[in-house]
1. Could you pull out every one of the aspartates and glutamates with an alpha carbon less than 12 Å from that of B:K286, ignoring same-chain neighbours closer than 8 positions?
2. Would you give the gap between the C-alpha center of segment A:64-81 and the C-alpha center of segment B:31-88, rounded to a whole Å?
3. Return the ratio Rg/(2.2 N^0.38 Å) for segment A:77-234, where Rg is computed over Cα atoms only.
4. Sum up the charges of everything whose Cβ sits under 15 Å from the Cβ of A:D205, counting Lys and Arg as +1 and Asp and Glu as -1, but leave A:D205 out.
5. May I ask for the distance between the Cα centers of segment A:221-266 and segment B:125-197, given as a whole number of Å?
6. If I histogram all Cα-Cα distances within the protein assembly as shown using bins 10 Å wide from 0, what percent of pairs lands in each bin?
7. For chain B, what does the helix formula give at 222 nm: sum of -39500 (n - 2.57) over DSSP H segments with n ≥ 4, over the residue count, nearest 500 deg cm²/dmol?
8. Which of B:P272, B:P76, B:P200 ends up with the largest GNM mean-square fluctuation for chain B, with Cα atoms connected below 10 Å?
2 protein chains.
Amino acid sequence: MTAVLDSLAQGRQAIMPAMRAALDRLDPATRSISHYHLGWTDLDGNPASAGGKAVRPALALLSAEAAGAPPETGLPGAVAVELVHNFSLLHDDLMDGDTERRHRPTVWAVKGAASAILTGDAMLSLAQEVLLDVDGPGGVAAARLLTEATGELIRGQVLDVQFESRDDVSLDECLDMAAGKTGALLSASSAIGAVLAGAPQRTVDALAGFGADIGLAFQLVDDVLGIWGEPSVTGKSVYSDLRARKKSLPVTYTVTHGGALGRELSEWLARPETPGEESVRGVAEKIDQAGGRKWALDEAYRRMAAGRLKLEEADIPGRAREELLSLAQFIVTREA
Amino acid sequence: MTAVLDSLAQGRQAIMPAMRAALDRLDPATRSISHYHLGWTDLDGNPASAGGKAVRPALALLSAEAAGAPPETGLPGAVAVELVHNFSLLHDDLMDGDTERRHRPTVWAVKGAASAILTGDAMLSLAQEVLLDVDGPGGVAAARLLTEATGELIRGQVLDVQFESRDDVSLDECLDMAAGKTGALLSASSAIGAVLAGAPQRTVDALAGFGADIGLAFQLVDDVLGIWGEPSVTGKSVYSDLRARKKSLPVTYTVTHGGALGRELSEWLARPETPGEESVRGVAEKIDQAGGRKWALDEAYRRMAAGRLKLEEADIPGRAREELLSLAQFIVTREA
């Protein structure tokens with residue numbers, strides 16, 4: 001675990017100069033909001049250190065190594081996927097009305113809706129620019145990969161919003177939504193370095209498949225942490241996803257496969273009033289009893305195993321494979 | 001004028017199948033919101049005909065002809081610029097709180113903020129996808145051109161939002177904002193067909209310069225129509241931009257060059273209360289008296305003349321040049 005945290009920290013450091021150079025292309029106001037959102041500065045512009053895990057850039061750099069290239073080959077991809085990820089966070093926080101992320105106020109909450117919308121738009125556009133600036137066919141292929149993943153990510157978000165007003169969401173629909181919302185960008189992150197390195201399609205496909213699998217594992221664990229995560233570690237309030245009556249994967253599993261407990265949960269989700277503390281705790285226990293938590297964690301492990309198989313069948317240097325697998329392991333065992 | 005309207009209508013027809021095919025890649029919900037936003041359907045999904053002028057696609061098709069290629073060569077560019085334009089409208093309407101566009105409710109007003117954000121995001125991402133799908137180097141060069149223009153467009157929007165809370169905006173700053181908000185995409189529209197056709201840089205630059213000029217002319221006329229336009233034609237309420245105390249170009253000209261009348265206007269803009277009908281009418285008259293309206297229209301003609309010069313100095317077939325100039329003429333004399 002320490003090794004993974006080191007490797008994530010190294011990845012964050014490695015992409016810093018390129019990320020900073022990319023953001024320097026933005027107008028000063030948007031740039032400084034980006035720095036705040038990324039956790040590089042506080043609200044007054046003073047240096048801070050409150051960034052995310054940066055799993056996606058780490059995958060992008062390892063993806064280049066998986067194709068036998070130096071990690072630097074994946075750098076523009078690492079920057080681009082991190083930009084797309086943060087574009088989606090900026091817009092999501094606004095749409096979900098979330099006022100905190102990583103223990104700090106979200107951009108829309110302190111700078112207004114327009115700032116969150118425009119900074120997100122700017123990051124999305126910048127991601128393409130970074131890839132199209134790469135010389136050679138790898139950059140164009142990477143831009144294509146990323147724009148398709150972005151389309152999938154947005155489709156996932158659209159479904160997520162739709163599900164809020166539906167009470168008949170199937171588990172397959174919910175998994176499809178997660179594949180779009182989370183799987184697509186993790187898949188692109190895992191393949192983009194190899195694409196930039198001009199790797200054979202077989203290798204790219206194996207890495208993309210691995211990324212899609214661990215993307216789903218990531219979302220399953222995220223959903224478990226969104227209910228049972230330790231608030232001081234996750235930076236979210238306790239039971240936050242339940243309080244918002246989110247139709248997350250463990251919830252949808254319980255509704256669709258939980259028998260009588262599922263029907264109770266379904267009724268509870270349909271209630272109009274804001275749920276009280278005890279009500280939320282009771283429901284969390286019911287989901288646990290009905291096996292929703294266990295199913296989500298088991299499923300995350302199954303996905304991780306499927307991803308591992310794809311990597312093992314591909315022609316990937318041992319060190320890169322081991323690091324990718326450690327990262328996958330980290331994703332399913334993390335606590336925040 | 002009738003010829004221009006015909007040519008705009010032809011352009012709209014010409015891009016329809018490609019535009020529809022592009023939107024077919026979106027999820028059904030986002031696709032149907034796009035169709036509504038574009039004026040192709042009403043809120044129930046029934047066919048409608050309430051689209052915009054589609055100046056940008058017309059420019060993109062003519063731009064290919066200006067490079068000696070058939071207009072179809074510009075088709076992916078025409079679709080892409082129209083998608084980027086509509087991405088920005090969807091987000092702007094939400095940020096500005098505008099509830100009507102072209103006599104119909106805006107997307108956020110009927111479908112909610114999340115729909116406007118996500119449909120805009122989807123259109124922006126799709127624009128890149130359309131260009132990256134083009135075979136050959138023209139598509140990549142066009143994608144680069146468009147992504148830079150998109151960055152500029154967003155920068156212009158950021159300034160526009162900033163200016164709302166500033167009372168010391170200079171005329172140069174305001175012109176710079178308009179060059180970003182409107183000039184950049186009209187510039188890209190005027191050059192993208194030539195880029196797709198693989199035209200020499202000289203021709204591309206001339207067309208891009210022409211587009212930037214008529215883009216500014218477009219915004220100047222837009223600002224005049226936003227104050228003095230005929231509501232039944234523009235689809236906006238009378239004096240709408242003044243009512244919102246927008247620091248548009250004629251307003252900024254008057255504040256900075258209008259002497260005593262400018263100082264009065266400046267004070268009026270700083271008042272906290274919503275202005276009444278008479279107050280707004282009086283201010284519109286003052287801007288007129290101070291020469292703000294005349295300056296804006298004169299400046300629009302000057303920009304158009306500058307753009308014409310760039311076209312005349314470039315090596316462009318006569319028919320394409322004439323059509324581009326008619327379109328420029330239309331832009332400064334239009335009433336909506």
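1. B:E264
2. Computed from Cα coordinates, the inter-centre distance equals 36 Å.
3. Compared with the compact-globule rule of thumb, segment A:77-234 sits at 1.09.
4. Details: positive: A:R144, A:R202, A:K310; negative: A:E148, A:D213, A:E312, A:E313, A:D315.
Its environment carries a net charge of -2.
5. What the calculation gives is 42 Å, centre to centre.
6. 3, 15, 24, 25, 18, 10, 4, 0
7. Calculated mean residue ellipticity at 222 nm is -24000 deg cm²/dmol.
8. Result for chain B, Cα springs under 10 Å: B:P272 fluctuates most.
Read-outs: derived from the displayed coordinates by stated rules, not from any lab. For clarity, every value in this text was computed on a predicted model and none was experimentally measured. All Cβ positions, glycine included, derive from the backbone under ideal geometry; neighbour counts span all protein chains shown.
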